[in-house]
């Protein structure tokens with residue numbers, strides 16, 4: 001039932017997409033920044049795309065079971081338009097991408113294999129522009145591109161069980177193994193990915209946002225906002241438990257970006273369009 005709800009809510013009214021020329025890419029050197037994306041589709045070779053999507057559907061269903069989507073169709077459509085436009089600039093544009101804002105005041109964002117990305121209402125309230133939203137979504141898109149969650153689940157399982165998930169799901173006597181896979185995925189959201197995965201998603205996210213014509217400093221701006229918040233605020237507890245601290249992420253991004261994106265700092269932030277969704 002939750003999967004059906006997921007499909008209905010995330011696809012309703014989303015036939016329109018942002019045009020390819022929605023933003024002026026200006027003089028950004030895509031060949032240069034694209035080098036950061038060249039390995040973005042390297043993944044667990046023994047998991048098919050259909051199996052990846054199935055795993056993602058189940059994990060997304062689990063996330064929505066804990067925190068449903070916000071009942072704001074206009075906001076959901078807007079976030080999907082931004083997210084799908086960003087995804088169209090990546091090496092996996094044909095995944096069945098779904099984006100949503102979940103009804104949760106904790107400050108966080110999540111991705112699931114196969115193209116599922118969620119931002120909490122709490123994080124949305126900390127953002128100031130569409131460029132910042134794009135930076136957050138692009139970071140989560142990068143996790144999907146690199147199949148970080150699949151790698152982590154497979155590592156935790158210690159077997160090639162993940163490759164057989166579709167076949168196992170069809171066998172009633174194998175449900176314990178299927179349940180183990182999804183329990184590992186659920187636990188992963190509480191434990192977090194490796195820090196290196198998070199830093200990599202930050203780097204790739206900046207490139208994706210730049211490719212889409214956004215101000216590439218949107219994601220660093222979000223990190224700066226998070227750094228100003230009270231670290232003892234309970235709404236930040238899970239984010240800080242599962243991610244490197246904002247200061248470390250800012251420092252890593254500063255080293256990775258250097259001056260390469262300075263010429264793109266005047267790309268649109270679209271703050272006014274974002275505020276209309278508030």
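Within the stretch 244-278, the set of residues being at pLDDT below 90, outside any helix (DSSP H, G or I) and surrounded by 14 or more Cβ atoms within 10 Å (Cβ to Cβ) comprises 260, 261, 267, 268, 269, 270, 277.
Residues in the stretch 194-243 that are surrounded by fewer than 20 Cβ atoms within 10 Å (Cβ to Cβ), assigned to a loop (DSSP other than H, G, I, E, B) and within 16 Å of the chain's Cα centre (by Cα): 194 alone. Taken over the stretch 62-90, the criterion of being modelled with pLDDT under 95 and either in a helix (DSSP H, G or I) or surrounded by fewer than 16 Cβ atoms within 10 Å (Cβ to Cβ) (or both) is satisfied by 62, 63, 64, 65, 66.
Of all positions in the stretch 151-159, at least one carries a residue that is at pLDDT below 90, surrounded by 24 or more Cβ atoms within 10 Å (Cβ to Cβ) and outside any loop (DSSP other than H, G, I, E, B).
The values are calculated or read from the model by the stated rules, or taken from the named source; none is laboratory data. Being a predicted model, the structure only gives us computed values, none of them experimental. Ideal geometry is used to build each Cβ from the backbone, glycine not excepted, and the neighbour counts take in all protein chains shown.
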